[in-house]
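Notes follow the structure.
The values are calculated or read from the model by the stated rules, or taken from the named source; none is laboratory data. Because the structure is predicted, anything quoted here is derived from the model rather than measured. Note: ideal-geometry Cβ built from the backbone for every residue, glycine included; neighbour counts use all protein chains shown. Accessible surface areas use protein heavy atoms only, side chains included; no ligands, DNA or RNA. Shrake-Rupley method; radii C 1.70, N 1.55, O 1.52, S 1.80 Å.
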Amino acid sequence: MTDESRPFHKPTKFSGGKFESFHGADDPAEVSRVAHETAAALLERVRRHPDPEVVSRLVSYTDENGIDAIAELWSHAGPHSLPGALWRIYLLRLAIREDPHAASLQYQRGVDIMQSIDPVVAGAEAPTGPTEIIELADRILRGVFEGDFSVALDRAAAFCRVSAAGCTNLADDAEATEPERATVLTRRALRFSQFAGELASAASLWRGDSLD
């Protein structure tokens with residue numbers, strides 16, 4: 001995660017300017033309709049017939065195609081919606097894969113200092129290095145299509161809470177000698193915390209059959 005202003009940044013081909021161009025470029029009602037319809041259709045079709053090859057292609061889609069198409073469809077959806085939840089899961093996986101060393105360091109630090117069930121819920125192999133954190137990201141996204149959708153969201157939320165705690169702790173360590181890095185880590189912790197709350201809420205809504 002090399003973009004110091006965002007913990008979850010886009011690949012090079014997906015510029016911040018391109019993000020800006022999506023906002024207000026089309027009729028908001030139409031954008032929302034397309035986002036919800038595509039997310040619902042994709043999830044229903046794949047979960048009804050979870051062909052392993054299809055699921056694998058969906059998990060690795062952004063590796064080959066970037067995140068542009070997914071962002072165009074879902075990035076402006078509200079956090080408490082089906083497309084908004086899917087967007088956040090894909091974005092988390094992208095962030096992990098783009099800098100698995102930082103992601104695993106932050107996560108493992110969170111595991112070391114937390115006294116909660118979150119590391120168990122997230123489900124990463126311990127100790128968690130770059131390979132293990134990438135595997136976790138893939139398992140969470142795969143669970144969106146093959147398992148209990150709310151469990152996948154809960155696992156992603158737990159990952160975010162652990163990572164937020166790790167970033168905060170690392171920021172405290174860096175405050176005296178690397179204040180700029182401490183600031184970046186603090187911002188990252190806030191973003192992780194925000195995502196954790198949004199994903200947990202989405203999981204609760206899904207269980208109540210209210211995630212549209």
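Step by step: first the residues of region 174-184, then only those that are over 25 Å from Ile134 (Cβ atoms), open to solvent by 40 Å² or more (accessible area, probe 1.4 Å) and of a type outside the set (S, T, N, Q), then the one that is farthest from the chain's Cα centre (by Cα). Which residue is that?
Once the filter is applied, the top-ranked residue is Ala176.
Yes or no: region 1-19 includes at least one residue that is modelled with pLDDT of 90 or more and part of a helix (DSSP H, G or I).
no
If I filter region 134-143 for residues that are part of a helix (DSSP H, G or I), within 15 Å of the chain's Cα centre (by Cα), among the β-branched types (Val, Ile, Thr) and at pLDDT 95 or above, do I get at least one hit?
Yes, some residue in region 134-143 is part of a helix (DSSP H, G or I), within 15 Å of the chain's Cα centre (by Cα), among the β-branched types (Val, Ile, Thr) and at pLDDT 95 or above.
For region 111-131, how many residues meet the condition of being acidic (Asp, Glu) and touching a Phe, Trp or Tyr at 6+ places or on another chain (Cβ under 9 Å)?
Total satisfying the criteria: 1.
Do we find a residue being open to solvent by 60 Å² or more (accessible area, probe 1.4 Å), at pLDDT below 95 and under 15 Å from Ile89 (Cβ atoms) anywhere in region 148-163?
Yes, some residue in region 148-163 is open to solvent by 60 Å² or more (accessible area, probe 1.4 Å), at pLDDT below 95 and under 15 Å from Ile89 (Cβ atoms).
Which members of region 125-142 meet the condition of being open to solvent by 20 Å² or more (accessible area, probe 1.4 Å) and in contact (Cβ under 8 Å) with a residue 12 or more places away in the chain?
Ala126, Pro127, Pro130, Thr131, Glu132, Ile134, Asp138, Arg139, Arg142
Looking at region 189-212, I want the residues that are touching a residue at least 12 places away in the same chain (Cβ under 8 Å) and within 26 Å of Leu105 (Cβ to Cβ) and have a partner that is open to solvent by 60 Å² or more (accessible area, probe 1.4 Å) and not in a helix (DSSP H, G or I) with Cβ atoms under 8 Å, at least 6 apart or on another chain. Which pairs are those?
Arg191/Arg6; Glu198/His80
Within region 76-88, can one find any residue that is farther than 30 Å from Pro127 by Cβ and among the basic types (Lys, Arg)?
no
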